[in-house]
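The values are calculated or read from the model by the stated rules, or taken from the named source; none is laboratory data. Since the model is a prediction, treat every value here as computed from it, not as a measurement. Here Cβ is always computed from backbone atoms with ideal geometry, including for glycine, and neighbour counts include all displayed protein chains.
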Protein chains: 2
Amino acid sequence: METPKGFFAGACHCGIRSEQSKDDVAILYSDTVCQVGAVYTKNRVKADPLLLDKEVLKNHEAQAIIVNSGNANACAPNGMINAKKEQAAAASLLNLPANQVLVASTGVIGVELPIDRIEKNIQSIKFEKNIELAAKAIMTTDTREKIVSLKTKIQGKEISLLGICKGSGMIHPNMGTMLAFILTDCTIEGNLLQKVLLENTTKTFNRVSVDGDTSTNDMCIVMANGQADNPMIADEGEDLNTFKKALHQVMEQLAIKIAKDGEGASRLITCTVKQASSEQQAEILAKSVVSSSLLKAAMFGHDANWGRILCAMGYSGAEFDPTLVDVVFSSSEGKIEVCLNGKGIEFSEEKATQILSQDEVFIFINLHSGDEQCTCWGCDLTYDYVKINGDYRS
Amino acid sequence: METPKGFFAGACHCGIRSEQSKDDVAILYSDTVCQVGAVYTKNRVKADPLLLDKEVLKNHEAQAIIVNSGNANACAPNGMINAKKEQAAAASLLNLPANQVLVASTGVIGVELPIDRIEKNIQSIKFEKNIELAAKAIMTTDTREKIVSLKTKIQGKEISLLGICKGSGMIHPNMGTMLAFILTDCTIEGNLLQKVLLENTTKTFNRVSVDGDTSTNDMCIVMANGQADNPMIADEGEDLNTFKKALHQVMEQLAIKIAKDGEGASRLITCTVKQASSEQQAEILAKSVVSSSLLKAAMFGHDANWGRILCAMGYSGAEFDPTLVDVVFSSSEGKIEVCLNGKGIEFSEEKATQILSQDEVFIFINLHSGDEQCTCWGCDLTYDYVKINGDYRS
């Protein structure tokens with residue numbers, strides 16, 4: 001998949017985590033300076049690379065990102081020193097000032113980053129227009145690389161967006177950390193870019209949950225190098241809306257890929273709360289449902305245990321009238337109503353099992369109390385989640 | 001284990017859940033009227049038996065409790081009708097007015113309670129001074145009955161307390177529901193009993209987490225029949241403090257038994273946050289640690305992945321300075337420091353694994369920022385949790 005105009009990517013194996021031959025460092029860069037938007041984890045414990053990036057991005061500008069997997073460089077000895085060395089190594093390779101380079105890390109917490117291996121091995125990186133090697137290099141427990149691309153038009157100019165990510169969520173991400181990097185050749189002012197990124201994050205990455213844990217290293221960065229030659233987007237208006245919508249689509253598709261590839265997950269769960277009195281009410285309820293360990297375990301066992309849905313709604317903190325709630329399960333095998341007006345109704349267990357055995361399962365909840373709605377994404381809780389996380393470090 | 005003066009217990013098999021021969025209905029009663037305190041789930045979706053009990057307890061008085069396992073009578077057709085029938089059946093058996101009988105249920109949500117089987121089979125119950133049959137009858141996925149007894153003295157009179165419970169927590173309980181019933185012969189006024197129960201609940205059952213899910217049916221009821229003949233406790237003072245302390249011990253021991261027997265759990269995790277600036281800060285942090293799926297999975301794999309502890313503290317919402325945090329793991333095999341001033345330190349993985357392989361593991365977190373502390377309890381996340389909850393209904 002080709003990168004937008006002016007962007008290049010490369011990856012290499014540095015041996016950060018173990019002796020496996022997998023690439024574990026990627027570099028993304030633009031041959032001209034970019035306007036950059038960034039959102040970071042809300043976790044109070046923040047990894048040093050994040051703190052460094054916040055400094056770099058005070059003026060919304062950067063030209064490259066170096067990302068390593070296998071080590072989070074969080075709570076680690078010499079954390080900031082090593083983050084700066086990683087930044088300097090990439091800057092030197094690309095012949096850029098250090099303050100044009102961002103750093104992102106993902107992996108185990110509390111272990112010193114083997115910076116010497118990174119400094120030495122990145123010399124071998126070959127830069128190409130191909131993003132796949134980079135998307136693979138940032139994976140930890142991910143089972144597949146996650147890439148989304150999209151084209152739109154602004155004032156007659158074709159605009160490309162290309163996003164890659166790894167991990168499992170922004171508000172509720174897995175220890176594997178959620179990192180997302182989106183490259184675009186759109187011409188847009190940095191403050192506006194930051195604003196649309198923030199707004200889109202609340203409706204995309206923040207609506208994904210894998211296991212309720214929020215990492216110390218999460219971030220999403222958007223780099224816009226302006227090489228599409230559209231007139232600078234510097235104000236609210238149609239052009240900004242067009243860009244925002246395209247960015248939203250890329251972010252939503254990345255978010256869904258994260259949920260689908262949640263650690264150990266065997267299926268994607270999409271929960272939509274409809275006819276709510278507000279989008280916020282719908283969001284709190286839908287997020288509580290996709291975050292419930294009990295519901296997630298039931299989905300693994302394709303068990304139509306809808307009582308756990310009402311239970312998770314009940315403890316979500318959102319107000320609603322349980323006696324108005326309808327619940328429907330659906331998938332490519334059809335749909336089945338299991339709860340009407342807050343009470344169980346008779347349904348075919350056989351049909352329910354068939355519906356819930358598919359790779360993508362939808363839960364529709366109707367509150368019958370308004371016109372707003374919200375969709376959140378999650379995955380099932382499986383033996384493999386426990387296995388992966390029972391011994392992640394070894 | 002003998003019940004306090006004037007209390008009797010009995011149980012029988014009604015076949016509520018399936019054809020297994022396990023007892024599934026228990027009745028606890030006192031031969032004189034009791035002052036009663038009760039706390040209920042904070043889940044917005046409340047089972048009908050809870051709503052009925054709230055009515056009964058408006059005057060803090062009752063004389064008996066009927067409890068069934070196998071069916072939660074929540075979101076179920078004819079829920080309130082069947083709860084009242086269950087109450088009436090027990091009242092008739094005991095020759096009491098219906099408004100002296102409380103009802104509690106635990107089990108699957110949304111399925112109509114087979115009330116006819118209960119009405120018919122409870123006729124065979126034999127009442128004894130022995131609580132064990134009742135403690136067994138209220139179990140669902142519990143692997144062992146949970147009973148705690150304690151004696152204290154008030155004004156020279158011996159006071160007995162006896163508590164039984166099932167399930168897994170009050171704020172974060174398992175769908176199996178947490179039910180606790182505590183019987184005492186203490187003489188105490190109902191409003192005061194309610195007050196000490198509430199205060200003790202926040203420091204005992206509310207500090208246990210199994211999986212973050214809060215049931216529709218949780219409750220804790222204390223019945224005091226006054227047969228110990230101590231002078232009525234009707235005011236604040238030494239007698240109330242003595243009783244409150246004894247009740248606290250019973251509740252804390254029951255809470256710990258719940259954590260230890262969490263669904264699929266292979267070990268008890270006790271997390272103490274020390275030198276905090278407030279008890280509330282310490283509680284939020286400790287509860288976040290014992291609730292983290294990632295930390296729980298690491299404990300299952302006896303992996304000293306302390307980064308997940310700092311991570312869980314970081315997203316807890318409590319303020320603290322990560323650079324002051326020390327973390328120590330301990331068990332019957334000794335103790336090991338793994339994090340000092342928020343950074344990883346070198347430690348023997350072999351010794352850590354040995355320490356974490358025991359049935360009871362302690363996590364000590366020192367914030368170095370005050371004199372307050374709090375302890376919370378949880379368990380590890382295992383394959384069996386997923387197995388049990390992947391197909392709970394069949």
Out of everything in the stretch B:109-153 that is in contact with a Ser or Thr (Cβ under 9 Å, 6 or more places away or on another chain) and within 14 Å of chain A (Cβ to nearest Cβ), what residue ends up being nearest to B:PHE7 (Cα to Cα)?
B:THR140
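Just one of A:ASP261, A:ASP303 is over 16 Å from A:SER209 (Cβ atoms) and of a type in the set (D, E, K, R); which is it?
Values: A:ASP261 fails: over 16 Å from A:SER209 (Cβ atoms).
None of the others qualify; the one that does is A:ASP303.
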Which one is farthest from the other protein chains (Cβ to nearest Cβ), of the residues in the stretch B:1-53 that are part of a strand (DSSP E or B) and under 30 Å from A:VAL289 (Cβ atoms)?
B:ALA38
Top-ranked residue in the stretch A:345-394 [being at pLDDT 90 or above and small (Gly, Ala, Ser); ranked as surrounded by the most Cβ atoms within 10 Å (Cβ to Cβ)]
A:GLY378
Going through the stretch A:113-143 in order, the residues found to be among the β-branched types (Val, Ile, Thr) and buried (at least 17 other Cβ atoms within 10 Å of the Cβ) are A:ILE115, A:ILE118, A:ILE122, A:ILE125, A:ILE131, A:ILE138, A:THR140, A:THR141
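Tell me, please, whether a residue that is crowded, with 23+ Cβ neighbours inside 10 Å, assigned by TED's automatic domain parsing to the domain that holds B:GLN227 and not in a strand (DSSP E or B) can be found in the stretch B:149-162. Write out each step before concluding.
Of the residues in the stretch B:149-162, the ones crowded, with 23+ Cβ neighbours inside 10 Å are B:159, B:161-162.
Still in the list and also assigned by TED's automatic domain parsing to the domain that holds B:GLN227: B:159, B:161-162.
Now drop any that are not not in a strand (DSSP E or B), which leaves none.
Scanning the stretch B:149-162, I find no residue that is crowded, with 23+ Cβ neighbours inside 10 Å, assigned by TED's automatic domain parsing to the domain that holds B:GLN227 and not in a strand (DSSP E or B), so the answer is no.
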Going through the stretch A:319-344 in order, the residues found to be out of contact with any strand residue (DSSP E or B) (no Cβ under 8 Å at 6 or more places or on another chain) and away from chain B (no Cβ under 14 Å) are A:GLU333, A:GLY334
From the set of residues in the stretch A:91-129 that are among the hydroxyl-bearing types (Ser, Thr, Tyr) and closer than 24 Å to A:LYS54 by Cα, which is modelled with the lowest pLDDT?
A:THR106
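Being more than 18 Å from A:ARG117 (Cβ to Cβ) and outside any loop (DSSP other than H, G, I, E, B) is the filter here, so list the residues in the stretch A:54-90 that pass it.
Hits for the stretch A:54-90 are A:LYS54, A:GLU55, A:VAL56, A:LEU57, A:LYS58, A:ASN59, A:GLU61, A:ALA62, A:GLN63, A:ALA64, A:ILE65, A:MET80.
Out of the stretch B:54-80, which residues are hydrophobic (A, V, I, L, M, F, W, C) and away from chain A (no Cβ under 14 Å)?
B:VAL56, B:LEU57, B:ALA62, B:ALA64, B:ILE65, B:ILE66, B:VAL67
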When the stretch B:283-310 is examined, which residues are found to be on the phi > 0 side of the Ramachandran plot and facing chain A (nearest Cβ under 8 Å)?
none
Given the conditions (1) touching a residue at least 24 places away in the same chain (Cβ under 8 Å); (2) surrounded by fewer than 16 Cβ atoms within 10 Å (Cβ to Cβ); (3) of a type outside the set (Gly, Ala, Ser), report the number of the one that A:LYS146 does not fulfil.
(2)
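Say we look at the stretch A:350-383 and pick out the residues that are in a helix (DSSP H, G or I) and more than 9 Å from chain B (Cβ to nearest Cβ); which of these is nearest to B:MET299 (Cα to Cα)?
So in the stretch A:350-383, the residues in a helix (DSSP H, G or I) come out as A:350-356, A:383.
Within this subset, residues satisfying the condition of being more than 9 Å from chain B (Cβ to nearest Cβ) are A:350-356.
On the way: A:GLU350: 37, A:LYS351: 38, A:ALA352: 35, A:THR353: 33, A:GLN354: 35, A:ILE355: 35, A:LEU356: 31 Å.
Restricting to residues being in a helix (DSSP H, G or I) and more than 9 Å from chain B (Cβ to nearest Cβ), the top hit is A:LEU356.
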Checking A:PHE243 against (1) modelled with pLDDT of 95 or more; (2) farther than 30 Å from A:ILE159 by Cα: exactly one of these is not met. Which one?
(2)
Return yes or no: is B:GLU199 surrounded by fewer than 23 Cβ atoms within 10 Å (Cβ to Cβ) and under 30 Å from A:LEU294 (Cβ atoms)?
yes
Under 19 Å from B:ASP321 (Cβ atoms), within 12 Å of chain B (Cβ to nearest Cβ) and not acidic (Asp, Glu) - does that describe any residue in the stretch A:88-108?
no
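Only one residue in B:THR202, B:THR216 is free of Cβ contacts under 8 Å to residues at least 24 places away in the same chain and of a type in the set (Val, Ile, Thr), so which one is that? Before you say what the answer is, go through the steps one by one.
Working: B:THR216 fails: free of Cβ contacts under 8 Å to residues at least 24 places away in the same chain.
Matching residue, one of B:THR202, B:THR216: B:THR202.
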Quick one: how many residues across the stretch B:188-227 are within 25 Å of B:LYS260 (Cβ to Cβ) and assigned to a loop (DSSP other than H, G, I, E, B)?
10
Quick one: A:GLY167 ticks every box in (1) in contact (Cβ under 8 Å) with a residue 60 or more places away in the chain; (2) over 26 Å from A:CYS75 (Cα atoms) except a single one, so which number is it?
(2)
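Find the helices (runs of 4 or more DSSP H) located wholly in the stretch B:228-342 whose residues include 2 or more that are under 22 Å from the mean Cα position of the chain (by Cα) and crowded, with 21+ Cβ neighbours inside 10 Å, and list them. Steps first, answer last, please.
Values: elements: B:238-260, B:279-291, B:293-300, B:307-314.
Passing ranges, in order: B:238-260, B:279-291, B:293-300.
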